[in-house]
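Presented below is the structure to which this report refers.
The values are calculated or read from the model by the stated rules, or taken from the named source; none is laboratory data. As the structure is a computational prediction, the values presented were derived from the model and not from experiment. Using ideal geometry, Cβ is built from the backbone for each residue, glycine included, and neighbour counts are taken over all protein chains shown. When the accessible area is computed, the model is the full protein with side chains, heavy atoms only, and any ligands, DNA or RNA have been set aside. Shrake-Rupley method; radii C 1.70, N 1.55, O 1.52, S 1.80 Å.
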Amino acid sequence: MPQSNPRPPLVSLAMASGAALAYQLQLVRLFSIIQWHHFAYMIISLALLGYGASGTFLSLFRRPMETWLGQAYIACIAMFAILALPAFLLAQSLAFSPEELLWRPTMIWRLACIYLVLGTPFFFVACAIGLAFMGWGRQSNRIYAADLTGAAAGSVLAIGLAWTLNPVAALSGSGILGVLAAVVAALETGRGRSWMTVMAAAYLVATTVLPAPQLQPSPYKDLASTLQVAGAQTRAVRSSPYGQVTVVTNPRVPFRDAPGMGLKVTAEPPAQLALFHDGDFASTITRDSGDGADLRFLASLPSAAPYAVASPGRVLVLEAGGGLLALQAKYLGAKQVTAVERNPDVVDLVRDDFAGFSGDLYGSPPVNVVRAHPRSFLTSDRRDWDLIQLPPSGGLGGGASGLFALTEDYLRTTEAIESMLDRLAPDGILAVQAWESLPPRGSLRLAATLVNALQRRGVETPGDSIVALRSWQMAVILVRNGRFGLADLSELGEFATTWGYDLAWYQGMPREQAQGLNRTQEPWLYDAITAFIASEDNFTRGYKFDIRPTDDDQPFFNNFLRWRTLPETVRILHSGGMALLEAGYILLLATLVQAALLATILILLPLVRSRSCPPGLAGGVKRGRTAAYFGAIGFAFMLVEVAAIHRFTLFLGEPLMASAVVVSTFLVFAGAGGLAAGALAARFGARATARTGAVAVVALGLAWLLVVGSAFDAGAGLGTAARVALVVVVTSPLAFAMGQFFPTALGALSEHAPALVPWAWAVNGCASVTGAVLATVLALALGFDRCMLVALALYLVTLFSFPVVARGSGPFAPAIDDT
């Protein structure tokens with residue numbers, strides 16, 4: 001039953017939508033700290049599950065909701081605000097550990113409980129939005145625009161809160177915005193003003209007076225286990241959108257971080273402070289008291305191998321972290337050292353808070369620290385370097401366990417390696433490191449990527465430019481802009497013998513020589529490099545893991561899973577097969593299965609009650625069209641958005657900035673497209689408008705795929721503001737066209753079949769639930785560009801599935817009836 005008040009509550013709707021999106025982004029941050037980054041797509045799926053469940057609920061209880069529309073609208077926003085913080089606290093108390101899914105299948109029920117608990121706040125805010133569509137459906141374009149514009153503002157708010165508040169306080173900020181939205185809703189609808197004002201006052205008092213809740217990180221996180229050691233003390237904590245950085249010291253059990261140290265090394269590191277990023281070990285800050293004797297261990301690390309064959313004057317350290325490689329370059333005589341670190345909190349801690357401890361490493365010559373994404377720096381800085389150092393990806397064992405399998409790594413793709421090679425001076429050396437696991441995988445993929453980059457650059461004999469060394473836990477591969485001569489190989493051999501390393505590969509090296517101090521079942525690294533240089537595919541095809549080179553379209557460096565080995569891995573899981581299984585995939589698949597199952601139930605449940613579809617609507621056909629249409633645009637919107645975020649991450653230089661800019665642009669311009677759809681539907685008919693939009697989206701999407709790479713190459717040297725503006729210009733036409741589908745069809749349903757409005761809302765939300773997870777699966781399997789092509793194919797489905805086929809006289813009536 002349409003609301004008698006002709007003015008929809010647009011302000012409160014926008015505020016509630018903004019609070020919900022801010023809450024969603026802050027949950028991603030919190031679960032990255034207490035669990036793992038894999039929860040990012042799970043949280044997105046949770047939010048959308050709440051939207052789908054709300055549509056199902058409104059379908060089943062449509063009549064009472066319409067009777068008490070204004071009161072229900074206000075109450076739903078208020079319930080979101082009340083439950084926002086308690087839902088998170090309850091979810092973290094469930095003690096869910098994704099690692100235990102590997103040996104405790106019952107842990108899946110705790111994951112389901114997390115879905116239920118965290119989905120509840122989203123359910124209530126989505127009910128409020130769904131009620132707005134039910135009550136003012138013929139103004140669906142205005143409601144849609146307010147919803148998306150508010151969500152865009154919420155994404156910006158989330159970034160601002162992350163800069164100024166700790167993660168828990170930022171989550172409370174979303175609840176406060178929800179309370180204010182409820183107060184505004186009471187004012188807009190003229191209902192419940194007094195009790196909403198009292199509730200808001202009570203909420204604000206409780207937020208101020210009650211003690212701040214504490215985070216309960218997983219016991220499997222590095223920080224949690226470190227703080228259990230006697231004597232461990234937290235020295236500093238910094239939070240920002242880049243993550244939470246924690247500094248820990250332990251005078252009783254000192255840290256000894258010497259990555260890959262050889263078996264013959266006797267020198268010990270001096271005192272060190274450990275840096276943790278979102279609870280995962282990142283790097284250390286090493287004490288420099290000015291006494292060079294304390295830093296002798298730096299000359300024996302595998303990262304010192306380039307200094308055995310050269311005396312680099314200009315050294316570039318990427319992903320500098322706490323500064324170990326920069327300190328090494330300084331100690332070994334480099335005249336100019338540039339350390340590139342993307343996290344401003346890490347830079348500030350080393351340069352300012354612990355300047356005395358680090359010997360003012362980041363504040364005095366020869367070290368110059370640059371706060372930037374390494375790929376952005378390589379693009380903008382045109383200097384040549386005698387040595388470029390790239391430390392290993394993730395923590396020791398992280399890649400082996402699959403904890404980083406779903407993380408995009410744009411610094412270890414073929415294109416990234418090519419950009420590093422382009423920055424080498426004549427005879428300059430690129431030194432890249434990888435943690436060794438058994439069976440090895442990261443070092444082999446790294447070798448494959450390096451050889452691929454050399455071959456793409458036209459190097460005729462890449463073997464002459466590569467040397468590899470191994471310790472018991474690390475591989476170091478050196479690539480020279482030139483050739484390694486016999487004298488170089490002799491000096492590297494002496495370095496390896498002195499400190500307990502093995503030369504793992506050089507051109508002409510006998511295979512048996514690769515098995516020295518650090519013996520393995522087979523000389524896998526030697527065999528791999530030999531096969532890569534000879535362009536033989538048998539080794540790669542026959543290996544248990546996927547070790548093919550990565551590229552910018554599929555930048556999942558730590559994604560080693562081969563599906564054909566999964567049955568074998570499961571079979572030997574309890575007899576040593578744990579190391580073969582990718583933990584990240586377990587959570588991904590568990591999330592996908594649960595999301596798909598719940599989405600299916602939520603879509604079908606209203607159909608059990610025939611009253612959800614009133615007589616005379618050609619029920620089966622109408623429902624089928626509605627499901628196909630709203631399901632397709634739900635899937636497609638998520639796929640396009642995910643592909644665009646990752647496509648623009650490189651161009652803007654930061655995942656954080658890319659997410660904020662892309663999400664805001666899509667939401668704002670899709671909302672504008674929704675507003676324009678109302679006028680277009682009034683003139684040309686709803687169905688014609690939707691079909692034209694489908695053709696426009698496909699055309700713009702294909703053009704986007706064709707030109708975006710060239711446009712971004714041309715704009716790589718622009719300043720940040722200009723690059724953001726270019727992203728908006730490139731993205732906005734596609735977002736505008738995508739925004740026409742939902743409000744156009746919902747407006748037509750509101751006029752011709754209002755009983756199907758909440759169910760359409762449910763179908764769209766449920767499709768988006770699965771799409772959020774499926775986007776990750778498709779990106780892993782196909783790449784981001786093919787993800788976009790799948791989305792465009794889904795938009796073509798709307799050409800044949802517009803839900804209303806009957807003639808009508810309203811503004812959303814179809815222009816023709818030809819089916």
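Could you rank the peptides 148-159, 733-744, 460-471 by their average count of other C-beta atoms within 10 Å per residue, with the highest value first? Could you put the intermediate results ahead of the total?
Details: 148-159: 23.4, 733-744: 26.9, 460-471: 21.5.
Ranked by mean Cβ neighbours within 10 Å, highest first: 733-744, 148-159, 460-471.
Describe numerically, in nm with one decimal, the distance between label points set 7 Å from Cα along Cα→Cβ at residue 522 and at residue 335.
Label-label distance for residue 522 and residue 335, simple model: 4.8 nm.
Determine the percent antiparallel among the DSSP beta bridges restricted to the chain, to the nearest 5.
Numbers: 34 of 52 bridges.
If I count the DSSP bridges inside the chain, around 65 percent turn out antiparallel.
Would you indicate which of (1) 34.8, 115; (2) 28.5, 89; (3) 27.7, 82 is the value of Rg and Dmax of the Cα atoms in Å derived from the coordinates of this structure?
Here Rg and Dmax of the Cα atoms in Å agrees with entry (2).
Give a residue-ordered list of calculated ³J(HN,Hα) values for segment 539-552 (Karplus: 6.51 cos²θ - 1.76 cosθ + 1.60, θ = phi - 60°; whole Hz; x for Gly, Pro).
Running phi through 6.51 cos²θ - 1.76 cosθ + 1.60 with θ = phi - 60° gives 5, 5, 5, x, 6, 5, 10, 7, 10, 5, x, 9, 9, 5 Hz.
For the pair residue 215/residue 564, report the inter-label distance in nm, with labels modelled 7 Å from Cα in the Cβ direction.
In this crude label model, residue 215 to residue 564 measures out at 4.2 nm.
So how far, in whole Å, is the C-alpha centre of segment 431-509 from the one of segment 135-204?
Spelled out, the Cα-based centre of one part sits 56 Å from the other.
Heavy-atom accessible area per residue, the chain, 1.4 Å probe: how many Å²?
It amounts to 37 Å² per residue over the chain.
For residue 268 and residue 383, FRET efficiency with R0 = 35 Å and r from the beta-carbon atoms, rounded to 0.05? Let's see the in-between values first.
Numbers: r = 36 Å, r/R0 = 1.01.
Taking R0 as 35 Å, the efficiency between residue 383 and residue 268 is 0.50.
Using a 1.4 Å probe over the heavy atoms of the protein chains, calculate the carbon and sulfur portion of the accessible area of the chain as a whole percent. Intermediate results must be reported in sequence, preceding the final value.
Details: 18760 of 30440 Å².
Carbon plus sulfur share of accessible area: 62 percent.
Starting from the exponent 0.38 and prefactor 2.2 Å, build the expected Rg for segment 622-800 from its residue count and divide its actual Cα Rg by it.
1.04
Using alpha carbon centroids, what distance separates segment 336-377 and segment 270-287, in Å?
Centre-to-centre (Cα) distance: 14 Å.
Taking the Cα centroid of segment 83-132 and of segment 540-566, what is the distance between the two, rounded to the nearest whole Å?
First find each Cα centre; the distance between them is then 32 Å.
Expressed as a rounded percentage, what relative contact order does the chain have, with Cα pairs under 8 Å and six or more residues apart?
Relative contact order, the chain: 16 percent.
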